[in-house]
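Notes for the one structure printed next.
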Amino acid sequence: MNSVETANELAGLLTSQNIKEQLSVAQLVEKATSRGEAILTADGAVRALTGKYTGRSPRDKFFVEEECSKNKIDWGKVNQSISSEVFDNLYKKVVDYLKAKDEIFVFKGFAGADEASRLSISVVNEYAWHNLFAHQLFIRPSEEELAEHVADFTIVSAPTFKADPAVDGTTSETFIIVSLEKKIVLIGGTEYAGEMKKSIFGIMNYLLPEQGIFPMHCSANVGEEGDVTLFFGLSGTGKTTLSADADRKLIGDDEHGWSDRGVFNIEGGCYAKTLNLSAEKEPEIFNAIQFGTVLENVVVDEDTRIPDYDDARYTQNTRVAYPIQNIDNIVDPSVAGHPKTIIFLTADAFGVLPPISKLTKDQAMYHFLSGFTSKIPGTERGVVEPEPAFSTCFGAPFMPLHATKYAEMLGQKIDEHEANVFLVNTGWSGGQYGEGSRMKLSYTRTMVRAAIDGKLDNAFKKEDKFFGLQIPTEIEGVPSEILDPRNVWEDKDKYDATAIKLAGMFHENFKKFGTVAEGIMKNGAPRV
């Protein structure tokens, strides 16, 4: 099936009588609840359950191997290849499957708040609540933009269509397949809505570097003086929490581009974790849960319809999707200037990295390529407790190109704009997971704010002997003894052994880059 035939199949689907196009939030809420896909909570949110898949399915994600991309994509376990024949056969089956439905739903919008580089997208959904999710997460068009909208890429999602691996050539019943040539994302066998959002992010990570734009898995905010801060990190490390600051305007909570004009949000909404969410701890996120927001796998009382954010019976990866406009303190449109502060967030389950340290450019590129953190339960299938992990560029599952391409772009931006880079450990202190305790959020907020405000310029007077990181000796509002992680371990010898072990894991992980990143390794790697 060539691109023209694929387009014709899509056109046939989009002109079928069962299409419900560009419904309003209220209409989608009514559809989702009346069809039994979701329930309405007391605050007007739509709560949906995603079944057995409560996180992403990375082993079931593929790029079609095509002439336009086969020599550009960094193929491997993350960017798995699949044939055009497999894609074509599944695509035809899914389209026919959706045509037979009583109703299917279409959203038209954009990815990328900077109009100079934005991507026009259409999202075709079997479920009304999935289309509501797209409506909340992507950028909505004006009436004028909608009238002229032509999709650059289209998501076709049929969660109740399950593949047969023996017949269809997939690894399981679930599939997330991207054809860059035919400009289609094909999703089936999973009800987890986050697959749609991350598929578009992966496409932007492929397209933006060709335009000289650095794509980033990060949150971003800006102060009153126009000072922009980036927060890099995987799910559960605090990107959303730390960037939602009442004293700073939010640019976005997860995906951005950095062009010659500055930073822009790729999305139009936020997808925040809700486990243990409260108005006291995270008021911006809590208050953003309004009519039409989408709650995934959150427990709701049958009688009162009040969500219980402390109950993780379905998964620890409970989520809420809401438009960024539900946050009071935002930049609208979501564009700003060049960052002066960059924060790398990691949840260190070993408990040996400092709560905050300053990085040289080479160290920044090294830790960016390493992407060390701990996987948080529920963010991927099979993860039931935190596991140490290296995720390149703090977002390996979404990076189609070779990692060094993104690291080089980071280094160029640091040089061009004299940005300060800090590594912040939101993980464990005083011992490894199961022995120590999680770093207090209040301390992390204080340290991050001090870094942004320039209060740490003369604070880094000590060097960590294992990682070569510059550690502050004093930060107002933070107990000085926790700034050097070795201080708060009762068994200092065990701390040393654990730090050496982790440093060895860094070295071992970095071998995968070979000689391509030798210079970065020489100047940025741990000292032992």
Q. Does E195 satisfy the condition of being modelled with pLDDT of 95 or more, farther than 24 Å from I343 by Cβ and surrounded by fewer than 23 Cβ atoms within 10 Å (Cβ to Cβ)?
A. no
**Q.** Residue, nearest to R56 (Cα to Cα), within region 389-418, restricted to residues that are touching a helix residue (DSSP H, G or I) at 6+ places or on another chain (Cβ under 6 Å) and among the small types (G, A, S)
**A.** A403
Q: Run A347 past the list (1) open to solvent by less than 10 Å² (accessible area, probe 1.4 Å); (2) more than 29 Å from V516 (Cβ to Cβ); (3) within 18 Å of the chain's Cα centre (by Cα); (4) modelled with pLDDT under 95 and report the number of the one that doesn't hold.
A: (2)
(Q) Among the residues in region 418-432, are any part of a helix (DSSP H, G or I), more than 18 Å from K77 (Cα to Cα) and modelled with pLDDT of 95 or more? (A) no
Q. Of the residues that make up region 465-484, is at least one in contact with a helix residue (DSSP H, G or I) (Cβ under 8 Å, 6 or more places away or on another chain), on the phi < 0 side of the Ramachandran plot and assigned to a helix (DSSP H, G or I)?
A. yes
(Q) If a residue must be surrounded by 19 or more Cβ atoms within 10 Å (Cβ to Cβ) and either under 25 Å from L23 (Cα atoms) or of a type in the set (S, T, Y) (or both), how many such residues does region 260-284 contain? (A) 9
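Residue-by-condition table, conditions (1) in contact (Cβ under 8 Å) with a residue 24 or more places away in the chain; (2) closer than 26 Å to T404 by Cβ; (3) of a type in the set (D, E); (4) in contact with a Phe, Trp or Tyr (Cβ under 9 Å, 6 or more places away or on another chain):
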position	(1), (2), (3), (4)
E476	yes, no, yes, no
W489	yes, no, no, yes
A499	yes, no, no, yes
L502	yes, yes, no, yes
F510	yes, yes, no, yes
N523	yes, yes, no, yes
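Conditions (1) buried (at least 24 other Cβ atoms within 10 Å of the Cβ); (2) not in a helix (DSSP H, G or I), marked per residue:
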residue: K92; (1), (2): no, no
residue: D96; (1), (2): no, no
residue: K101; (1), (2): no, yes
residue: V106; (1), (2): no, yes
residue: F110; (1), (2): no, yes
residue: E115; (1), (2): no, yes
residue: V124; (1), (2): yes, yes
residue: H130; (1), (2): yes, no
residue: H135; (1), (2): yes, no
Q) Can you name the residue in region 13-62 that is hydroxyl-bearing (S, T, Y) and touching a Leu at 6+ places or on another chain (Cβ under 9 Å) and is also farthest from S179 (Cα to Cα) among such residues? A) T41
Q) When residues of region 73-97 are filtered for being in contact with a Ser or Thr (Cβ under 8 Å, 6 or more places away or on another chain), over 30 Å from K512 (Cβ atoms) and among the aliphatic types (A, V, I, L, M), how many remain? A) 1
Q | Those residues of region 422-438 which are open to solvent by 20 Å² or more (accessible area, probe 1.4 Å) and more than 24 Å from T360 (Cα to Cα), in sequence order | A | G430, Q432, Y433, G434, E435, G436, S437, R438
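The values are calculated or read from the model by the stated rules, or taken from the named source; none is laboratory data. Computed from a predicted model, the values in this text were never measured in an experiment. Backbone-built Cβ (ideal geometry, glycine too); neighbour counts: all protein chains shown. Note: accessible area is taken over every heavy atom of the protein model, side chains too, but ligands, DNA and RNA are not part of it. Shrake-Rupley method; radii C 1.70, N 1.55, O 1.52, S 1.80 Å.
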